[in-house]
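The values are calculated or read from the model by the stated rules, or taken from the named source; none is laboratory data. Predicted model only: the values in this text are computed from it and were never measured. All Cβ positions, glycine included, derive from the backbone under ideal geometry; neighbour counts span all protein chains shown. Please note that ligands, DNA and RNA were not included when accessible areas were found on the heavy atoms of the full protein model with its side chains. Shrake-Rupley method; radii C 1.70, N 1.55, O 1.52, S 1.80 Å.
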Amino acid sequence: MTTAETATELRFEPPGPGFWEQDPVHFPRALTRYWTEVHPAAFVAGTADFASFYGMLMGGLAMRYVNGIAYKTTLPAPEEEIPQRFARADAVMTGKLWRDQLREWDESAKPAAIAKHRELQSVDPSALSDEELAEYLERCRDHHAAMITQHMRYTASAIVPTGDFLAHVGDWTGLPPSELLGLMRGASPVSAGASAELERMVGAIRSDSRAQELLASDADPAATLDALASLEGDTGAAVREYLDLVGNRLLDGFDIAEPSALELPDQLLRTIRAAVESEAGEPDVEARAVAVRAQVPEEHRDSFDELFAEARLLYRLRDERGVYSDIWAAGIMRRATLSAGRRLAAAGRLHAPEHLLDADVGEMRALLVGSGGPSADELAARADYRTTHSPKDAPATLGTPPAPPPDSSGLPPGIARLMRATGIAMGAVFGSSQEEHDENRLRGLAASPGIYEGTARLVSSPAEFGRITQGDVLVTVSTSEAFNILLPLLGGIVTDSGGLLSHSAIVAREYGIPGVVGTREATARIADGARVRVDGDAGEVTTFA
Amino acid sequence: MRVLLPLTEVSDTSVFGSKAVGLGQAVRDGLPVPPGVALSGALVEAVASDDGDALALVAAAVGPLGGPLAVRSSAVDEDGAEASFAGQHLTLLNVPSAAELGTALREIWWSANSDSAITYRKRVGLFTRPSVAVVVQALLDPECAGVMFTRNPVTGADERMIEASWGLGEAVVAGLVIPDSYRVRRDGQVLERRAGLKRVAIRSLAAGGTVEEDVAAELVEKLCLDDARLVELSGLARRCEEVYGLDRDVEWAFADSTLYLLQCRGVTRVGGS
Amino acid sequence: MPGAPVDALRTVPLFANLDDEELAQVALLFKTRRFPAGETIVKEGTDAAAFFLIESGEAAVSVRGSERRSLGPGDHFGEIALIDEGVRSATITATTDLACYGLTLWEFRPLVVENGEVGWKLLQSVALKLRNAELS
């Protein structure tokens, strides 16, 4: 019986000083030991880089893993650097320094990364000796780490110009970010999966009847892809080039436990079919942009043009920085690990090849060269843990919540503009995916501080007041004065409408009851009788299933 | 004493309550308050008792205000209590004529003497008999209106927090919409503008009362306040502070391009402090 | 005319033993109050402000969610919490539009204290409620 088989209660303690929050948007599942070893240092190197390049008031973002669950914190900027950061932020905004980053990406970082990816993926791991394979795994890991850092390095340049555009144009027209982001369509062909290789392949297939026959067949997808790649002439070459480009990309997520494109031939084939069949040209963004521009006050239209151009120029970097960096490198690491895993499973060291994904690189080496390493049972237990635990089972936050935001008065204009652009972009660009992942969490305005857990009661009119008992959480569209009669009974208040200055918010603060208002859909999303946690500090309401 | 006075002359809080006196002071200091009269607590109680003479006195005084009326409670002993009484006392909008005024005043008297009002009073340490005075003013038909706190009530930061919506300010006060939210620094610099989801607006009806109307789709997420209006509101905040002191809860409205002050009272509990 | 109409009080059991002059004085203390159908007039657990006499309409009394009885013209409610200065012991909802006459504690208490006949009648009605409570 190994240690792993002993049932122990999981303890979640803050992995460092400060306030840590889960990141279920990027990490909806538990992570492998490999990932938890490689990611933290590589990640913080990249975020510290962009924070410093852009003169932001943070030192960077850090991630740590507690029982395999991801937690993120914001690091403070070093005090002594703050004056030069103010200056830097000004320089960034006036000099549009993100263009330097884009140039660097296009001219050196991206081509170098692609070259390295191709170099590594051209190696056949099954042909290597045990020692060579251990070395190869280490090279793949080092490359993956460098690519994680690279991905983060370009994060700000992907969002600052977009956010700047959303902030200014939002003010001038009153249009919400979601609508303005629609104007970015077509600016990022990569998001739609496009590339020169895809275009060439689509062109070749369309003029090759054998290829079209294969594509239309019902045969096994893996066999069909093989057949397409084996075609003679331009078509086969184009298919092989395309598969070379995308084959090792993870289809979803970032961890090596996620499948890559070649492992899901059915999906890959469908993507190819869709590309060949589609007639779509670039969506008619031009007309919509003209319409939005017309809503901008005349004196701002030149600025609109400038901001719009920057946003569209940089928008593709948002997806390219991942797809050409760590999403590819992770696939290469996965391929190497699975190859080693097959070798070790055949030798009886593992119960299944995939279990090696739950080992770190040091352990992989130890297993390959025979100097020890975890047992087959241990790795199987890790894999089992990872596939049966999710962020939903873990605390949403760890550590002490942060102090209220500092007074932002007195900030120089450059950094104020930068912070606003970043804030809006994070909300708008990443917000919608956030909502998809938070089925049990509702956001609203933090109206009255404190955290309270209790039973939710959906009450829409005075006729239903009898259902409320002491300690309940009132969930309603909005509270009129008629609801005042309930106040002494309530432990928390949640509303669909209302702002921080509405009477229900004011009264919640006076009664000292945690309150979250303006959630838009609390009455639709929270079931009557459900147990809920009202977090009036964060402005969140969580439902416990 | 059963008395009523034009707002400009109101100064005794033990008779008219601090809301009425506050508005009176505002008028005397040149703040843009819609014209009106204040009725003492005793007069309101007399009307609530169906005293014909009392009602006649009130009807005669409000005649000159013309048109529809806004009738607001002004509790007489809120001073000194650590509470805002927000939402505890009724405001009745668009009372069309004197006949309805009697009913309106009775409703206001009862709201001050309701179980929830008494519960609230006990909770904040007031065990004496409530007395509710009333302010009657000409009703505005605003384009947009809302609430402004001269200090951020959630974080305690030294900045103005403004919430705005279309039509009468009831939509913001009663939490019927997710209002626009603005934060403005003391020197006027705008720190944040966040468009709300303003699906409905409260407007007055010709025959009296108010109605909830749907807001046109293109206005639901359009900001109500432009820079010019924010500058005016900033100025109003400063003037309110000069007249009343810090930490004010201000109800305002823009009607016919004019900024009006509807209420100004103290903010009692401020988060973060 | 200020207060409640004397005729409305004449048939109310609580005031049965008062003569016309006393009745007129009591009537002056009341104020009319109307509740629309469906409104919760009184909610269990809250502090109390007023005592009500029903002139027309019907109300339902419930305790801890279960309906106990209904009230109609001539019935009164709300005195218990005013007497012991405790919280409301029952929830009362207007089943139809309700027209009432009401007294707050500040009128009710002096009325009872200064008027022994009213006090006696009130004691009788409270004793009846006590018996009913013991039986159920």
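Assorted remarks:
- Each of C:Glu85, A:Glu464, B:Glu241 has its accessible area taken with a 1.4 Å probe; listed largest first, they run C:Glu85, A:Glu464, B:Glu241.
- Dividing the helix sum by the residues of chain A, where each DSSP H run of 4 or more adds -39500 (n - 2.57), gives a mean residue ellipticity at 222 nm of -15500 deg cm²/dmol.
- Helix C:20-29 axis, angle to chain C major axis (alpha carbon atoms, nearest 10°): 50
- For chain C, adding -39500 (n - 2.57) for each run of n ≥ 4 DSSP H residues and dividing by the number of residues yields -11000 deg cm²/dmol at 222 nm.
- Each part gets one Cα centre, and for region B:156-201 versus region C:18-68 those centres are 41 Å apart.
- For region C:73-127 versus region A:245-321, the gap between their alpha-carbon centres in whole angstrom: 72
- For region A:72-125: rounded, prolate or oblate by the Cα gyration tensor [a/c cutoff 1.5]: oblate
- Inverse of mean 1/r across different Cα pairs in chain B, Kirkwood, Å: 18.9
- B:Tyr244 exposes around 50 Å² of accessible area when a 1.4 Å probe is run over every protein chain in place.
- Taking region C:19-61 and a reference point 7 angstrom along Cα→Cβ of A:Ser461, the backbone N atoms nearer than 19 Å belong to C:34-43, C:58-61.
- With a cut-off of 19 Å on the backbone N, the residues of region A:135-176 near the modelled label site 7 Å out from A:Val369 along Cα-Cβ are A:135-143.
- Two-site label geometry, A:Asp244 and A:Asp528: point separation in nm, points 7 Å out along Cα→Cβ: 6.5
- Exposure check, 1.4 Å probe, all protein chains in place: C:Asp7 carries approximately 110 Å² of accessible surface.
- R0 of 41 Å, Cβ-Cβ distance C:Glu22-B:Ser14: FRET efficiency to nearest 0.05: 0.80
- B:Val3 paired with A:Ala87, simple spin-label distance in nm, labels 7 Å along Cα-to-beta-carbon: 6.7
- Of all accessible heavy-atom area on the protein assembly as shown, the percent that carbon and sulfur account for (1.4 Å): 52
- Using R0 = 35 Å, the C-beta based FRET efficiency linking B:Val231 and A:Glu286 works out to 0.45.
- 26 Å Cα-Cα reach of C:Lys43 towards lysines, excluding residues that sit fewer than 8 places from it in its own chain: B:Lys122, C:Lys31, C:Lys121, C:Lys129
- Two-site label geometry, C:Glu117 and A:His26: point separation in nm, points 7 Å out along Cα→Cβ: 8.4
- In the context of the full set of protein chains, residues of region B:1-60 present 38 Å² of accessible surface per residue (probe radius 1.4 Å, heavy atoms only).
- Highest-first arrangement of A:147-159, A:105-117, where packing means the average Cβ count within 10 Å: A:147-159, A:105-117
- Within 10 Å of the Cβ of each residue in B:163-175, the mean number of Cβ atoms contributed by other protein chains is 5.
- Cysteines, chain B, no other Cys beta-carbon under 4.7 Å: B:Cys240, B:Cys264
- Solvent-accessible area buried by pairing A with B, both sides, nearest 100 square angstrom, 1.4 angstrom probe: 3100
- Cα coordinate range in region B:108-192, projected on the principal axes (Å, largest first): 45, 32, 22
- Applying 0.36 nm per residue to the separation of A:Ala294 and A:Thr94 and subtracting their alpha-carbon distance, the gain on full extension is 69.5 nm.
- Mean Kyte hydropathy of -0.5 or more with a Cα span along the axis of at least 18 Å, helices from DSSP in chain B: B:13-28, B:98-112, B:227-244
- Packing-based ranking, highest mean first, of A:411-419, A:486-494 given that Cβ atoms within 10 Å are counted: A:486-494, A:411-419
- Note on region A:233-328: the alpha carbon radius of gyration divided by the globular reference 2.2 N^0.38 Å gives 1.54.
- Region A:254-387, accessible area per residue, ligands and nucleic acids excluded (1.4 Å, Å²): 44
- Extended-chain gain in nm, criterion 0.36 nm per residue less alpha-carbon gap, A:Glu135 and A:Ala216: 24.9 nm
- Rounded accessible area of A:Glu119 (nearest 10 Å², 1.4 Å probe): 90
- Surface per residue (accessible, 1.4 Å probe) for chain C, Å²: 51
- In region B:14-51, the residues whose accessible area drops by at least 10 square angstrom when the other protein chains are added to the isolated chain are B:Glu45, B:Ala48, B:Ser49, B:Asp50, B:Asp51; the probe is 1.4 Å and only protein heavy atoms count.
- Set of lysines with alpha-carbon distance to A:Lys72 below 20 Å, sequence-local pairs under 8 removed: A:Lys392
- Estimated from the Cβ-Cβ distance and a Förster radius of 56 angstrom, the FRET efficiency linking A:Asp384 and A:Thr469 is about 0.85.
- Residues of region C:28-50 buried by at least 40 Å² on assembly (accessible area, 1.4 Å probe, chain alone as reference): C:Lys31, C:Thr32, C:Arg33, C:Thr40, C:Lys43, C:Thr46, C:Asp47, C:Ala49
- Extension gain, C:Arg68 to C:Asp97, is 8.5 nm, computed as 0.36 nm per intervening residue step minus the present C-alpha separation.
- Orientation-averaged projected area, Cα convex hull of region B:1-52 (nm²): 3.5
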